[in-house]
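Below is one structure, written out as structure tokens; comments come after it.
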Amino acid sequence: MCVIETSPVIETRRLLLRAPDMQDCSRIAAMANDPAVAGMTLRMPHPYGTGDAEAFVVAVAGQDPARASTFVIEHEDHGLVGVIGMFEDGDPTPETGYWIGRDFWGRGYATEALEGALVWASRRWKRRALVAGHFEDNPASGRVLEKAGFLYTGEVRKNFSQARNAPVRTRRMVWLA
Ligand SMILES: CC(C)(COP(=O)(O)OP(=O)(O)OC[C@H]1O[C@@H](n2cnc3c(N)ncnc32)[C@H](O)[C@@H]1OP(=O)(O)O)[C@@H](O)C(=O)NCCC(=O)NCCS
């Protein structure tokens, strides 16, 4: 049976994944207002202000927990370091997306958060598969996905990046539980 958790919390070795709240907005905006972050995602605008973070928190609170889960990634010492989400987007297989603030890159946080999210998605959300895509010029994200067990499907899509205001070639990947 699939028990739908409304505000799930995921704990990993160093990180806690939890629902975002309004108190997170200034920190989210400070880290997200970086073209190196937003420009690697589909939906984040650039520039990214506190109002964008507030709209994000409201949108997450309104998500149907059966179809989407979005978490802030909190480090035990550093506080909020990023965001990760899994959501159905016109396809029953959820897609995952994430970002880490630039000051915290290269410490394994994205991989650790993604691995925790995948365990939760299979055990609690009862998902058998997830998909993801990374822009061709973002090999670091491809590496994160590979480390977490995703494989390349071979498909390359042109997806529109809001921050770049342009379509970007996106390499598609899949993970099976
Ligand atoms: C991509 C991103 C999430 C990685 O976060 P992170 O916490 O630094 O990731 P990790 O430390 O877990 O792993 C990064 C891996 O990428 C590798 N890497 C970094 N830069 C790389 C590059 N230019 N080419 C290839 N690999 C690279 C690192 O060496 C590491 O792999 P390793 O453990 O085998 O050495 C982060 O840079 C980010 O938020 N970028 C902007 C937003 C984004 O890209 N979101 C994902 C959209 S698909």
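The values are calculated or read from the model by the stated rules, or taken from the named source; none is laboratory data. Nothing here was measured: the structure is a model prediction, and the numbers come from that model. Positions of Cβ are generated from backbone atoms using ideal geometry, with glycine treated the same way; all protein chains shown enter the neighbour counts. Each accessible area value is taken on the protein alone, full model and side chains, heavy atoms only, with ligands, DNA and RNA left out. Shrake-Rupley method; radii C 1.70, N 1.55, O 1.52, S 1.80 Å.
Taking Cβ atoms as reference points and 14 Å as the exclusive limit, the residues near residue 128 contribute a net charge of +2, counting Lys and Arg as +1 and Asp and Glu as -1.
Amide H to amide H, with H built 1.01 Å from N, residue 161 comes under 5 Å of 166, 168, counting only residues 5 or more places away or on other chains.
Taking the dipole about the Cα centre of segment 10-176, with the C-beta of Lys and Arg at +1 and of Asp and Glu at -1, give me whichever of 23, 79, 135 is farthest to the positive side. So the residue furthest toward the plus end is 135. Per-residue 3J(HN,Hα) values for segment 163-177, derived from phi via the Karplus relation 6.51 cos²θ - 1.76 cosθ + 1.60 with θ = phi - 60°, read 5, 7, 6, 7, x, 9, 5, 10, 8, 8, 9, 9, 10, 10, 5 Hz in sequence order (x marks Gly and Pro). Close amide H partners of residue 101, meaning residues 5 or more places away or on another chain with modelled amide H under 5 Å apart, are 82. The smallest convex shape that holds all Cα atoms of segment 109-175, its convex hull, gives 93 Å³ per residue.
In angstrom, the C-alpha Rg and Dmax of the chain are 15.1, 43.
In percent, what relative contact order does segment 6-146 have, based on Cα pairs under 8 Å that are 6 or more apart in sequence? Dividing the mean separation by the residue count of segment 6-146 yields 23 percent. Close amide H partners of residue 127, meaning residues 5 or more places away or on another chain with modelled amide H under 5 Å apart, are 122.
Over segment 33-83, what portion of Cα pair distances is larger than 17 Å, expressed as a whole percent?
Numbers: 602 of 1275 pairs.
When all Cα pairs of segment 33-83 are counted, 47 percent exceed 17 Å.
If you take the Cα Rg of segment 94-136 and divide it by 2.2 N^0.38 Å, with N the number of residues, what do you get? Numbers along the way, then the final one.
Details: Rg = 11.8 Å, N = 43, 2.2 N^0.38 = 9.2 Å.
Scaled against compact globular proteins, the figure is 1.28.
Solvent-accessible surface of the chain, taken per residue with a 1.4 Å probe and all protein chains present: 51 Å².
Would you compute, from DSSP H runs of 4+ residues alone, the mean residue ellipticity of the chain at 222 nm, taking -39500 (n - 2.57) per run and dividing by the full residue count, rounded to the nearest 500?
Numbers: 5 runs with 48 residues, N = 177.
Computed ellipticity for the chain at 222 nm equals -8000 deg cm²/dmol.
Here the accessible area of the chain is 51 percent carbon and sulfur, with a 1.4 angstrom probe and all protein chains present. About its Cα centre, the chain has a charge dipole of approximately 560 debye under the convention of +1 per Lys or Arg Cβ and -1 per Asp or Glu Cβ, with nothing else charged.
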